[in-house]
Amino acid sequence: MFNKINKYISNFNNIMENIYNRKFIASSKLFWGYTQIYDIRNYDNLNEIIKDFHISLKELLKNNNLITLLEECEKCKFHCHTHNFEEILLTDKDVYLCDHC
(Lines give C-alpha, C1' and ligand atoms only; values in the text may rest on other atoms or scores of the structure.)
Protein backbone atom coordinates (compact mmCIF):
# COMPACT_ATOMS: atom_id res chain seq x y z
CA MET A 1 0.00 0.00 0.00
CA PHE A 2 2.73 2.48 0.96
CA ASN A 3 4.73 1.58 -2.15
CA LYS A 4 1.76 2.51 -4.34
CA ILE A 5 1.31 5.81 -2.52
CA ASN A 6 5.02 6.63 -2.75
CA LYS A 7 5.01 5.77 -6.45
CA TYR A 8 1.95 7.98 -7.00
CA ILE A 9 3.55 10.89 -5.14
CA SER A 10 6.79 10.45 -7.08
CA ASN A 11 4.93 10.41 -10.42
CA PHE A 12 2.92 13.48 -9.41
CA ASN A 13 6.09 15.38 -8.45
CA ASN A 14 7.69 14.49 -11.80
CA ILE A 15 4.62 15.71 -13.68
CA MET A 16 4.55 18.96 -11.71
CA GLU A 17 8.24 19.63 -12.40
CA ASN A 18 7.92 18.79 -16.09
CA ILE A 19 5.04 21.19 -16.70
CA TYR A 20 7.56 24.03 -16.57
CA ASN A 21 10.02 22.49 -19.01
CA ARG A 22 10.00 23.71 -22.60
CA LYS A 23 11.94 22.29 -25.52
CA PHE A 24 13.83 24.77 -27.71
CA ILE A 25 15.12 23.54 -31.07
CA ALA A 26 17.44 25.26 -33.54
CA SER A 27 15.90 25.95 -36.92
CA SER A 28 19.14 26.56 -38.75
CA LYS A 29 21.02 25.46 -41.84
CA LEU A 30 24.07 24.38 -39.82
CA PHE A 31 22.61 23.69 -36.40
CA TRP A 32 19.18 22.22 -37.22
CA GLY A 33 17.98 19.94 -34.47
CA TYR A 34 20.19 21.20 -31.66
CA THR A 35 17.85 20.96 -28.68
CA GLN A 36 17.82 22.25 -25.14
CA ILE A 37 15.16 21.99 -22.47
CA TYR A 38 14.70 24.93 -20.12
CA ASP A 39 12.64 25.41 -17.00
CA ILE A 40 10.71 28.57 -17.80
CA ARG A 41 10.50 29.52 -14.13
CA ASN A 42 14.16 30.55 -14.39
CA TYR A 43 13.54 33.23 -17.03
CA ASP A 44 11.88 36.61 -17.27
CA ASN A 45 11.80 36.91 -21.05
CA LEU A 46 12.47 35.09 -24.30
CA ASN A 47 15.76 36.89 -24.92
CA GLU A 48 17.25 35.32 -21.78
CA ILE A 49 16.32 31.86 -23.03
CA ILE A 50 17.74 32.57 -26.49
CA LYS A 51 20.97 33.84 -24.93
CA ASP A 52 21.36 30.67 -22.82
CA PHE A 53 20.50 28.52 -25.85
CA HIS A 54 23.17 30.24 -27.95
CA ILE A 55 25.76 30.00 -25.17
CA SER A 56 25.08 26.28 -24.69
CA LEU A 57 25.50 25.62 -28.41
CA LYS A 58 28.78 27.54 -28.50
CA GLU A 59 30.04 25.65 -25.45
CA LEU A 60 29.20 22.32 -27.11
CA LEU A 61 31.10 23.30 -30.25
CA LYS A 62 34.06 24.65 -28.28
CA ASN A 63 34.25 21.58 -26.01
CA ASN A 64 34.34 19.34 -29.07
CA ASN A 65 36.96 21.46 -30.84
CA LEU A 66 34.61 22.29 -33.72
CA ILE A 67 36.26 25.64 -34.32
CA THR A 68 34.88 26.39 -37.80
CA LEU A 69 31.34 25.65 -36.63
CA LEU A 70 31.96 27.73 -33.50
CA GLU A 71 33.00 30.66 -35.68
CA GLU A 72 29.80 30.30 -37.70
CA CYS A 73 27.74 29.99 -34.52
CA GLU A 74 29.23 33.25 -33.23
CA LYS A 75 27.59 34.99 -36.20
CA CYS A 76 24.14 33.52 -35.53
CA LYS A 77 21.34 35.78 -34.38
CA PHE A 78 18.76 33.36 -32.99
CA HIS A 79 15.18 34.59 -32.70
CA CYS A 80 11.67 33.18 -32.54
CA HIS A 81 8.90 33.71 -35.10
CA THR A 82 6.28 31.43 -33.60
CA HIS A 83 5.98 32.38 -29.94
CA ASN A 84 6.41 35.32 -27.63
CA PHE A 85 7.34 34.73 -24.00
CA GLU A 86 3.73 34.78 -22.78
CA GLU A 87 2.77 32.09 -25.29
CA ILE A 88 5.72 29.95 -24.19
CA LEU A 89 4.45 30.19 -20.62
CA LEU A 90 1.01 28.96 -21.66
CA THR A 91 1.87 26.16 -24.09
CA ASP A 92 3.88 22.97 -23.90
CA LYS A 93 4.67 22.86 -27.63
CA ASP A 94 8.25 22.85 -28.93
CA VAL A 95 9.73 26.25 -29.71
CA TYR A 96 11.94 26.68 -32.77
CA LEU A 97 14.70 29.29 -32.76
CA CYS A 98 15.60 30.56 -36.21
CA ASP A 99 18.92 32.05 -37.32
CA HIS A 100 18.46 32.36 -41.07
CA CYS A 101 16.33 35.46 -41.70
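The values are calculated or read from the model by the stated rules, or taken from the named source; none is laboratory data. Computed from a prediction, not measured in an experiment: that's the story for all the values here. FYI the Cβ positions are ideal-geometry reconstructions off the backbone, even for glycines, and counts take in every protein chain you see. With ligands, DNA and RNA removed, areas are computed over all heavy atoms of the protein, side chains included. Shrake-Rupley method; radii C 1.70, N 1.55, O 1.52, S 1.80 Å.
Would you please give the FRET efficiency between I40 and K77, computed as 1/(1 + (r/R0)^6) with r the Cβ-Cβ distance and R0 = 25 Å, to the nearest 0.05?
Working: r = 22 Å, r/R0 = 0.88.
Efficiency, rounded to the nearest 0.05: 0.70.
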May I ask you to rank C73, C80 by accessible area, largest first, using a 1.4 Å probe over the protein chains only? C80, C73
Per-residue SASA entry for I37, accessible area with 1.4 Å probe, Å² rounded to 10: 100
State the extension gain, in nm to one decimal, for the chain segment bounded by E48 and N63, taking 0.36 nm per residue of separation less the distance between their alpha-carbons. 3.2 nm
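Which order, highest average first, do 22-29, 58-65 follow once you tally other Cβ atoms within 10 Å for each residue and take the mean per peptide?
Details: 22-29: 17.8, 58-65: 12.8.
So the peptides 22-29, 58-65, ranked by packing, come out 22-29, 58-65.
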Among the aspartates and glutamates, select those whose C-alpha is under 16 Å from the C-alpha of K62, and discard any that sit fewer than 8 residues away in the same chain. D52, E71, E72, E74
